[in-house]
Amino acid sequence: PEELLLLICSYLDAQALGRLGQVCRRLRFLSSRDLLWRRIARGCLNSGFTQLGTDLAAGIPVKERVKVSQNWRHGRCRRETVLKWKCKQVAPFSSTFLMPWMELDGEYLYLSQAENIQAYRLCPDGTGLQRHPQAIFSGHQEDVCRFVLVNSHIVSGGGDGNIVLHKIHGSYSVKFSAHEQEVNCVDFQGGLIVSGSRDRTAKVWSLSAGRVGQCLHTVQTEDRVWSIAISPLLSSFVTGTACCGHTSPLRIWDLESGQLLTCLGTDFHRGAGVLDVFYETPSLLLSCGYDTYIRYWDIRTSTRKCVQEWEEPHDSALYCIRSDKNHMIASGSSYYGVVRLWDKRQTRCLQSFHLSSPTSSPVYCLRFSTTHLYAALASALHVLDFTA
């Protein structure tokens, strides 16, 4: 009976299941069932499952995801430059620097280039981009610093101090003055926008009917804000600052009142600014920055010390970080266009990829799907295809 065969197969590992599928058609069909591979996939890199077991890629057979996961682990991929553009080469994070940012959504990749955000359609094979953008979203007078894509809306912050809201499938857009200096970071969830700026403030904005663009709270951070993120519970947000003073660069604020809730860490060196933050769950948070470390925080256990940390081997500042919300972390460093893959269960870097020549600029942004990883440098966009 099939129930007994499934029970027996549930004790097999990936190699044994693969061999079993070569016996006959019936066992091939049986050994390919998602039910058998889900347990294995949850222990794999970027297989589409979160630590809580949520399936983020339900449309892809789990067995295929496990096969591709082995390519991630062993670094087997095809590298390709899919887009190039000219940029101004000056100091990072200055008001005249072109800092590319991107978001990946289904069949489209959204990329900031100067004061515009352009939407490029992915080719049918998923390994490249169509040459010309399908849509262009404008509204800023200076370069776009950061933007987020949520629920068919784009929210961007620019060097002109403004925040612009675009509806992707329509002509609706809203622009409002937000900060006195450039908006370095934004996040958007639950009808609220949070923004951080060089002017040493973080602000909470309403997007509810009749209150669009109204500032609800202004938080005096006493330091330049480089990164910001709203908690998945929509109860708080975290800011990452430049660490030029004597306060922690990582602080959590109440979203409703704007009051400080807690500071993360006690042993940051002066200048160890936090350049990117990423919530995995309401209590698990990743951070990286100038001090070359990736830190993993669990605010349920301690706010004074992170639960894990990984050091960039070449002592380079880390500009961006992303996670598959399970075992894998991807980071982009400030020198030589290097992208690194990390397994949380290991202390050393799992794989590293030099996406460009040693004279190239840093990796500013990373996005990945279950199969591909996209990395944006200041002068080119690269894709690593792990289905190869």
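The values are calculated or read from the model by the stated rules, or taken from the named source; none is laboratory data. Note that the coordinates shown come from a computational prediction; the quantities given were computed from them, not determined experimentally. All Cβ positions, even for glycine, are placed from backbone atoms using ideal geometry, and neighbour counts span all protein chains on display. Each accessible area value is taken on the protein alone, full model and side chains, heavy atoms only, with ligands, DNA and RNA left out. Shrake-Rupley method; radii C 1.70, N 1.55, O 1.52, S 1.80 Å.
Here are some notes:
- Any hit, segment 47-61, residues being within 30 Å of Q351 (Cβ to Cβ), within 24 Å of the chain's Cα centre (by Cα) and acidic (D, E): yes
- Qualifying position, being among the small types (G, A, S), over 22 Å from the mean Cα position of the chain (by Cα) and open to solvent by 10 Å² or more (accessible area, probe 1.4 Å), among S206, S236, S248: S248
- Boolean, D291 is open to solvent by less than 10 Å² (accessible area, probe 1.4 Å), at pLDDT below 95, in a loop (DSSP other than H, G, I, E, B) and not aromatic (F, W, Y): no
- The set of residues from segment 265-283 being open to solvent by less than 80 Å² (accessible area, probe 1.4 Å), free of Cβ contacts under 8 Å to residues at least 40 places away in the same chain and not aromatic (F, W, Y) comprises G271, A272, S283.
- Residues of segment 310-337 that are assigned to a strand (DSSP E or B), of a type outside the set (G, A, S) and either under 20 Å from A242 (Cβ atoms) or open to solvent by less than 10 Å² (accessible area, probe 1.4 Å) (or both): W310, L318, Y319, C320, I321, M328, I329.
- Being of a type outside the set (K, R), open to solvent by 10 Å² or more (accessible area, probe 1.4 Å) and either touching a Ser or Thr at 6+ places or on another chain (Cβ under 6 Å) or part of a loop (DSSP other than H, G, I, E, B) (or both) holds for only one residue in L216, L149, and it is L216.
- Screening the candidates Q51, Q22, Q15 for the property of being in a loop (DSSP other than H, G, I, E, B), open to solvent by 20 Å² or more (accessible area, probe 1.4 Å) and either at pLDDT 95 or above or more than 24 Å from R322 (Cβ to Cβ) (or both) yields one hit, Q22.
- Note on segment 338-347: among residues that are part of a loop (DSSP other than H, G, I, E, B) and in contact (Cβ under 8 Å) with a residue 24 or more places away in the chain, the one that is least open to solvent (accessible area, probe 1.4 Å) is K344.
- Residues of segment 156-175 classified as closer than 18 Å to V219 by Cβ and not in a loop (DSSP other than H, G, I, E, B), total: 2
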